[in-house]
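Read-outs throughout are calculated quantities, based only on the coordinates presented, and are distinct from any laboratory measurement. Predicted model, so just to flag it, every value in this text is computed and none were measured. Quick reminder, even Gly has a Cβ in these numbers, built from the backbone with ideal geometry, and neighbours come from all protein chains shown.
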Amino acid sequence: MYERDRTEMPEMRRRTWRAAVAAVSLAGAVAVWLFATNLFPYHSLNHDEGVYLQQAAMLLDGRLFLRPPVEEVFRPWFFAEDGGRLYPKYAPVPATIFALGELVGAPRLALAGIAAAVLALVALVVREVFDRRTGIAAAVIVLCSPQFLIETAVFLPYAPTAMLNLAFAYCYLRADRTGDRRWAGAAGAVVGLAFFARPYTAVLFAAPFVVHACWTLRRDFRAALPRQAATAALGLAGVGLALAYNAVVTGSPLLFPYEAFAPLDGLGFGHRQILNHETDYSAGLALRSNGLVLSAFVTEWIAGGVLGAAVAAVGFGVAVRRGLSPRQSVLAGQLLTIPVGNVYFWGNYNLLGNLDRAGDGLIATHGPYYHFDLLLPFAAFAAVGALALVAALRRTADRHLSPGAARAALVAALLVSGLAVGGVTAATLDGKIDRNAAATDTYERVYGPLEGDSIDRSERAVVFLPTPYGDWLTHPFQALRNDPDFDGQRVYAIDERPFAVVDEYPDRSLYRLAYRGTWSPTAGSPSDARLQPVEHASGSAVELNATVAVPARSESLTATVATNDTSATYVAENVSDETTVRLTATDGAVRVRGADWNADGEPIPLSERDDVRITVFVDRGPGGSFSYRFELPVRADDGTVRALTPRVERCTAIRDCGGEAAYVPDGAPNGVSVRTELTVPDERGTDG
């Protein structure tokens with residue numbers, strides 16, 4: 001009976017350990033699911049999420065390229081242009097993983113799956129290097145790290161690539177322990193995929209393993225060669241797959257899509273640039289910025305903050321004192337290769353925004369995500385340190401106290417230390433949640449009109465979107481993405497060539513999304529948004545009737561009409577409660593008429609492609625004046641004039657006008673209102 005108990009005990013321990021790993025993984029999956037669905041329902045401040053989700057939809061549709069029906073108005077953020085086709089600057093591996101969630105109808109299930117896999121693999125890797133207890137403790141430490149919880153809950157490549165890197169580490173270490181070539185081949189396959197996903201990230205992670213592989217070959221060449229060759233061969237196959245993808249997409253195996261998109265957005269020092277953002281990335285700037293990034297990682301983004309880092313330092317010292325094994329040295333090596341390698345990449349500088357302003361840049365909301373892989377060695381040595389401290393405390397208590405008092409003292413010490421570490425983690429995580437929640441609240445206001453009753457769910461519509469960051473889709477409106485064939489229930493377009501879009505979708509309803517306030521989501525701006533119905537009028541002439549309310553005690557009213565070529569100003573003869581500006585556009589001219597204005601209908605030149613701007617200034621004295629601004633898209637060709645319902649703004653200062661001062665009826669002050677009617681003379685029109 002005793003012998004049977006002894007043989008059954010290891011199996012019971014294995015089952016208990018597996019159950020513990022499953023519980024931690026499940027807890028991580030649930031936590032990440034809740035973060036993804038509640039904290040990031042409209043996605044995050046990092047607009048690369050939209051790139052990967054657009055790419056995932058393309059892959060599910062069997063496409064590597066987008067072919068927009070109209071140029072210039074359908075280009076998503078971070079898509080490179082190649083003739084009449086578009087392709088993303090990123091490799092397709094993370095998007096493929098996200099697409100698995102799309103296949104089951106809930107994309108965020110992919111994030112939960114990645115979270116569970118990362119935690120399970122951390123436990124497995126650390127068990128291979130140390131033991132089971134250390135492995136499960138390391139997984140718990142990763143689970144409690146804000147970097148893991150925030151970054152795994154968004155559609156970005158860092159957690160999926162870490163999952164592949166961890167899978168490689170486990171397969172490699174298991175092959176090293178057992179000599180099994182199948183595990184060695186699996187290690188090569190997943191590290192090849194990791195290289196395809198993020199080449200430099202994979203190289204920095206794998207570098208210590210390469211050193212270890214060379215050591216094994218030197219120690220026993222004949223025994224190590226078969227498995228190391230299997231790893232290398234399948235790893236190089238992944239590299240070949242990445243180069244083949246390059247050849248298909250960019251036309252050259254050695255030209256990566258990100259380089260084709262921005263040739264100076266790569267590794268190295270000197271002049272670095274992506275789009276309009278550029279800097280001289282000197283060695284000094286690199287060291288300074290990476291020092292700030294690593295400081296943030298240690299103090300804010302790992303479990304326990306500085307306390308957690310101190311425990312990890314203790315664990316590293318304990319491991320060194322015990323004698324680092326070659327396998328343990330691999331994890332120690334990552335504490336060197338990942339931080340040092342990142343100095344060579346200017347993306348860490350970009351993370352920080354303004355280096356002299358704390359809490360600026362994406363690092364404030366997303367953390368130092370280029371260092372995501374550092375969670376593995378940190379958690380491993382923190383687990384060693386925590387277990388060593390507990391063992392030392394137990395020995396001390398047993399030497400100086402009675403058994404009952406020793407147990408009570410140990411429990412009290414663990415409780416106090418747990419509360420201290422947990423309190424630091426909770427406080428730092430709470431700050432990250434608040435920053436991201438502020439952005440989500442703003443997104444909810446802006447997206448609100450699209451989710452209400454403004455558009456019937458069965459209605460096929462085109463929605464023109466504002467462009468606070470330039471002529472890009474999904475930047476920032478990541479949740480508003482087109483189907484790969486640009487024929488979904490809703491089509492989203494930049495408001496640059498509206499008549500070309502109207503011609504491409506003649507049978508769809510038209511809308512325009514507009515917001516009020518500068519685009520600064522974490523500061524609670526925009527404050528309001530509107531989905532404006534847009535009418536298309538066409539004829540030998542088009543007439544706009546713009547009726548504006550004039551608040552009481554207004555002193556005067558002037559209207560300025562401007563085209564590409566000239567402008568004219570008119571003064572209202574009587575300031576009344578409500579005034580209408582009547583503008584008629586014909587082929588080559590626009591005229592202003594109205595009983596309340598000193599307008600005689602003199603023509604103002606109008607070019608073939610013009611946006612007629614009408615500004616009605618309401619003078620109410622210092623501090624109370626404001627303007628109504630209308631921007632009327634007009635096209636004239638062969639005697640036919642076309643116009644779309646104007647963009648409408650309410651500007652409290654001249655600088656406010658230009659896209660961020662939308663007139664929102666529900667949020668307008670008392671005495672301020674606008675009605676527009678776009679008609680063809682002698683034909684009844686509809687309200688805009």
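The figures follow:
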| read-out | value |
| --- | --- |
| Relative contact order of the chain, defined on C-alpha pairs under 8 angstrom at six or more residues apart (%) | 12 percent |
| Those residues of segment 509-550 whose amide nitrogen sits under 15 Å from the label point placed on ASP611, 7 Å along Cα→Cβ | 512-515 |
| 0 to 90° range, to nearest 10: angle between helix 181-197 axis and the chain longest Cα axis | 30 degrees |
| Spin-label model distance (nm) - ARG407 vs PHE269, 7 Å beyond Cα toward Cβ | 6.1 nm |
| Along principal axes, Cα extents of segment 458-523, largest first, whole Å | 39, 21, 20 |
| Approximate spin-label separation ARG288-ALA500, in nm, with each point projected 7 Å along Cα-to-Cβ | 4.3 nm |
| Pairwise label distance in nanometres, LEU100 with LEU225, each label 7 Å out on the Cα-Cβ vector | 3.6 nm |
| Proxy reagent accessibility, fewest Cβ within 10 Å first, across TRP183, TRP301 | TRP183, TRP301 |
| Paramagnetic reach from VAL306 in segment 380-395 [backbone N under 20 Å; point 7 Å along Cα→Cβ] | 382, 386 |
| Prolate/oblate/rounded call for the chain, Cα gyration tensor, a/c under 1.5 rounded | prolate |
| Tensor-based shape of segment 126-241 (alpha-carbon gyration tensor, a/c under 1.5 rounded, otherwise prolate or oblate) | oblate |
| Principal-axis tilt of helix 199-219 within the chain, Cα atoms, nearest 10 degrees | 20 degrees |
| Charge-dipole axis of the chain as Lys and Arg at +1 and Asp and Glu at -1 on Cβ define it, positive-most pick from GLY28, THR522, LEU544 | GLY28 |
| For the chain, cysteines whose Cβ has no other cysteine Cβ within reach (under 4.7 Å) | CYS144, CYS171, CYS214 |
| Exposure proxy ranking, count of Cβ atoms within 10 Å, fewest first, for PHE79, PHE168 | PHE79, PHE168 |
